[in-house]
Amino acid sequence: MTDTSHESVPSRQRRRFPDISSRAYEHPADRSALVALRKLSGFDTVFKALSGLLPERSLRLLFLSDSVRVSDAQFAHLNDMLRDACYILDLKKVPPMYVTQNPQPNAMCIGLDEPIIVVSTGLVELLDEEEMRAVVGHEVGHALSGHSVYRTILLFLTNLALKVAWIPLGNVAIMAIVTALREWFRKSELSADRAGLLVGQDPHASMRGLMKIAGGNHLHEMNVDAFLAQADEYEKSGDLRDSVLKILNVLPRTHPFTTVRAAELKKWSESRDFQRIMDGHYPKRDEDKDTSVTDSFRESAAHYADTVRTSKDPLMKLVGDIAGGAGDLGGKLRDKFTGAGGGNTGGTAGKGGSGATDGSEGTWRRPGPEEEGPESGT
């Protein structure tokens, strides 16, 4: 990395977030995993020691020799966006950024020692300035969160799984880890989408960029509201067979489906949590060391519980109904054995029934604003 230089940043005024912790925008499932890993003594040293086993040096040399490095002399408009994104999220060092020839729209942040950002020519040609600003902010968010370390590990394990596929059970064990990492990584993409929104501060541009990644550069033929309606239709359509197919379709992916990402980002952009960050109220980096792993996992569990409770997907609704029925049954059994369900329907029984309801909501309720962190309804 090079020292940050924040001269000559784009002119449009946007709010800056000094000393912002990545916890401010991280998805609860992503944040809980990162908090736990950061609390492990020496985990950074262990992961970085693996750099000798990973093709990181080879990748750096490859991009240096066969791609165009962004600077004041090359892709100057991208260099301005990169410095601006680092300035807004207060990333102390600007990561190297490369443009590589590839018609497929793509961007990534990789590296164990020092992250590097790579964008394809297909993406540069597809997006306008504000859409591209959100993408650059997305990748800077990955760097600030430390996602590049885990993405590199995921790439390594995926390649390793292919090499040991002939070993009995060896591939199964590795693929189990890869599947779990992919679930985390899908949530890390939602986190980075939020970082991109904090940098660009234009929700419509962020969602427009996702729509163009899905449908190409035919903006006059597309509509953001109709695109978001697809996500709603995708979630609630079909029966249990379709729900299983959705799970099977997403398992091998490292990214959520594009319509789903757009819908999730829209929800967050309209949430109280986003507004609090924009108002200058957010967790700071010097507080990261005091973050509770237990609280982070509790927030993650609450998010998944709330997702099941509010989901329109047939399978998720079934799971929620079963869980709700189990909660009601548990309340009735408790009343039966404690005597709370006596004949006085207006007194003790009423209180007992209320207690059972509260107990159920305690498990499946939507977390309050203080508990949700950056998450609201996703």
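The values are calculated or read from the model by the stated rules, or taken from the named source; none is laboratory data. Note that the structure is a prediction, hence the values are computed from the model and not measured. Note that we place each Cβ from the backbone using ideal geometry, even for glycine, and neighbour counts take in every protein chain shown. Each accessible area value is taken on the protein alone, full model and side chains, heavy atoms only, with ligands, DNA and RNA left out. Shrake-Rupley method; radii C 1.70, N 1.55, O 1.52, S 1.80 Å.
Structure values in brief
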read-out: Whichever residue in segment 72-93 is aliphatic (A, V, I, L, M) and open to solvent by 10 Å² or more (accessible area, probe 1.4 Å) and, among such residues, is nearest to ARG14 (Cα to Cα); value: LEU91
read-out: Strands (runs of 3 or more DSSP E) fully within segment 56-145 counting 3 or more residues that are farther than 17 Å from GLY196 by Cα; value: 97-100
read-out: Pair list, Cβ under 9 Å, 6 or more apart: segment 182-195 residue closer than 15 Å to ASP273 by Cα and modelled with pLDDT under 90, other residue open to solvent by 20 Å² or more (accessible area, probe 1.4 Å) and not in a helix (DSSP H, G or I); value: none
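This table checks each residue for (1) under 12 Å from THR258 (Cα atoms); (2) surrounded by fewer than 19 Cβ atoms within 10 Å (Cβ to Cβ); (3) not aliphatic (A, V, I, L, M).
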{"site": "LYS187", "(1), (2), (3)": "no, no, yes"}
{"site": "SER191", "(1), (2), (3)": "no, no, yes"}
{"site": "ARG194", "(1), (2), (3)": "no, no, yes"}
{"site": "LEU198", "(1), (2), (3)": "no, no, no"}
{"site": "LEU219", "(1), (2), (3)": "no, yes, no"}
{"site": "ASP225", "(1), (2), (3)": "no, yes, yes"}
